[in-house]
Amino acid sequence: MSILTSINPYSGEVNATFETLSDEEVITKIETAQSAFLNWKNTSFAKRKDLFYKLAEVIEADIENYAKMQTIEMGMLIWPSIKGLQGTGKLIRWFADNAEKYIGTEEYELNGMQGKYIYDPLGVIYGVGPWNFPFNQILRAAVPNIMAGNTQVYKHASNVPMCAKQIEDWFLAAGFPEWVYTNLFIKASQSELIISHKYVRGVNLTGSEGAGSAIGALAGKYLKPSVLELGGNDAFVLADHRDTVEMAAQATICRIANGGQKCNSSKRFIIMENHYDSFVEEMGKYMSSLKLGDPLESETQIPPLARLDLVDEVDAQVQKAISQWARLICGGHKLWDRGQFYAGTVLADVTSEMDGYNEEIFGPVASIIKSKNIEDSIRIANDSDFGLSACVYGDDENQCREIAEKLQWGMVFINAPAGSQPHLPFGGVKKSGYGKENGPEGLRAFMNKKVVVY
């Protein structure tokens, strides 16, 4: 047994502690989730829809307090925390409203044959969650998995145990049968015990490249299907434009979402040489002007990082970039007297010879890369080990669309920050993972499309 500790990133105070489960307790919970699955899979779409509508209502009934919990445990700014939970309610209702359309039984007549396609749930699905969006990213996977007729057991990140417990409490308060959703307070080393269990039929993970590699390897070892939504070193491509001040402001907004701790936020800013110097200057000004402080205060723009070790990790990456001759425009240091903060940082003149060109920096740090022209910008954008989301900004929408079509990324957003919508598939390529969350693909991720031939 070990202890999971929830620590307020701003104050450093301990919020709560929780004990982890023994191997025997974990196995019991899996077996109970399997028993729940045998009943839940036969629940009608209408009943599932009613329960998920109730789940959304439970969350929305006390949304400000739940948002505050997310803020004091992870450090998220309070207004995005509230907005994120509002979006979670919309996500729940979208899957409730659309599930039967996408995974209901389909009749077919093809090449003189007739029959049905029947979407069967697989069973117990093991989820591994990230800390950066403690509520939404868990439910983005769990809701479609459960709506599809599976049951879900979830290992949340170790630094957000209060949010982990709250999600299970929401399902129970909404009237779901016990064990349809099960929180697991466990150590990372217990994942193999779970994935190897015969009742666990699939694995979904949102997290780092390292976590995805480890969990993906275990899923392959035990022949379990998996969906991995991993990190990104996402490209922001700036096309032709007239207002560099505005473009730099928009670029900074794309970078600092959730304190820069967002897998699909822009991180590599690819700027053509004719706009480069002015863009670097303006982004430095904008980043330097942002207010760091208490994430519960509405005027705060950059919150503390979620964990103390992450401050050291970000600083090590920044200092390495500087040692490799990246040009520091602003920031580039810790703020020890103000909690777990890292100053808003802009690095210019980043080149392919530097580690920062291709690695993900999970904090308020922007790396600016110079290109010769649009085609060179596209080349640089695609020259990455990652491929989650990209953004294209510019005045000519047709030009932006042409650029977007040439980018090798899972999602591309034009003149808007990268985001997530319930009806659109979410996922990347290369080291950003495989499989899709959200949309019809999210519903079908852990289902067997059974072919019945008459």
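The values are calculated or read from the model by the stated rules, or taken from the named source; none is laboratory data. Everything quoted here is computed from the prediction, not taken from an experiment. Neighbour counts run over all protein chains shown; Cβ positions are idealised from the backbone, glycine included. When the accessible area is computed, the model is the full protein with side chains, heavy atoms only, and any ligands, DNA or RNA have been set aside. Shrake-Rupley method; radii C 1.70, N 1.55, O 1.52, S 1.80 Å.
The table below lists the values:
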| read-out | value |
| --- | --- |
| Selection from segment 402-454 of residues that are open to solvent by less than 80 Å² (accessible area, probe 1.4 Å) and aromatic (Phe, Trp, Tyr) | TRP409, PHE413, PHE426, PHE446 |
| Subset of segment 236-261 [out of contact with any Asp or Glu (no Cβ under 9 Å at 6 or more places or on another chain) and not in a helix (DSSP H, G or I)] | PHE236, VAL237, LEU238, GLN261 |
| Filter pass, ALA164 being in contact with a Pro (Cβ under 8 Å, 6 or more places away or on another chain) and aliphatic (A, V, I, L, M) | yes |
| Criterion (in contact with a His (Cβ under 8 Å, 6 or more places away or on another chain) and either at pLDDT below 95 or under 18 Å from LYS267 (Cα atoms) (or both)) met by exactly one of ALA390, ALA343 | ALA343 |
| Verdict on LYS450 being over 30 Å from PHE45 (Cα atoms), charged (D, E, K, R) and not in a helix (DSSP H, G or I) | no |
| Residue list for segment 378-407, filter: in contact (Cβ under 8 Å) with a residue 24 or more places away in the chain, closer than 23 Å to SER432 by Cβ and part of a helix (DSSP H, G or I) | ILE378, ILE380, ALA381, ASN382, CYS400, ILE403 |
| Qualifying residue in segment 123-133 (condition: over 27 Å from PHE185 (Cα atoms), touching an Asp or Glu at 6+ places or on another chain (Cβ under 9 Å) and open to solvent by 20 Å² or more (accessible area, probe 1.4 Å)) | no |
| Members of segment 354-377 found to be assigned to a helix (DSSP H, G or I) and buried (at least 23 other Cβ atoms within 10 Å of the Cβ), listed by number | GLY356, SER377 |
| Whichever residue in segment 59-104 is under 29 Å from ASN159 (Cβ atoms) and among the β-branched types (Val, Ile, Thr) and, among such residues, is surrounded by the most Cβ atoms within 10 Å (Cβ to Cβ) | ILE92 |
| Residue satisfying all of: in segment 204-214; open to solvent by 10 Å² or more (accessible area, probe 1.4 Å) and more than 12 Å from the chain's Cα centre (by Cα); nearest to GLU360 (Cα to Cα) among these | GLU209 |
| Tabulated pairs, segment 60-73, first closer than 14 Å to ASN132 by Cα and acidic (Asp, Glu), second open to solvent by less than 30 Å² (accessible area, probe 1.4 Å) and in a helix (DSSP H, G or I), C-beta under 9 angstrom, 6+ apart or interchain | GLU73/PRO161; GLU73/CYS163 |
| Tally, over segment 183-203, of residues that are free of Cβ contacts under 8 Å to residues at least 60 places away in the same chain, buried (at least 18 other Cβ atoms within 10 Å of the Cβ) and among the hydroxyl-bearing types (Ser, Thr, Tyr) | 0 |
| Residues of segment 1-58 classified as of a type in the set (Lys, Arg) and open to solvent by less than 60 Å² (accessible area, probe 1.4 Å), total | 2 |
| Identity of the residue in segment 218-233, of a type in the set (D, E, K, R) and not in a strand (DSSP E or B), that ends up nearest to LYS198 (Cα to Cα) | LYS224 |
| Within segment 256-292, considering residues that are open to solvent by 10 Å² or more (accessible area, probe 1.4 Å) and small (Gly, Ala, Ser), the one farthest from the chain's Cα centre (by Cα) | SER278 |
| Residue identified as more than 25 Å from the chain's Cα centre (by Cα), within 16 Å of VAL160 (Cβ to Cβ) and not polar (S, T, N, Q) among GLU106, GLU13 | GLU13 |
| First in segment 154-182 and at positive phi, second anywhere and among the basic types (Lys, Arg), Cβ under 9 Å, 6 or more apart | GLY175/LYS54; TRP179/LYS29 |
| Counted residues, segment 302-333 - those being surrounded by fewer than 18 Cβ atoms within 10 Å (Cβ to Cβ), in contact with a strand residue (DSSP E or B) (Cβ under 9 Å, 6 or more places away or on another chain) and within 28 Å of SER158 (Cα to Cα) | 3 |
| Cross-chain or 6+ apart pairs with Cβ under 6 Å, segment 275-298 first and assigned to a helix (DSSP H, G or I), then loosely packed, with under 15 Cβ neighbours inside 10 Å | GLU282/VAL245 |
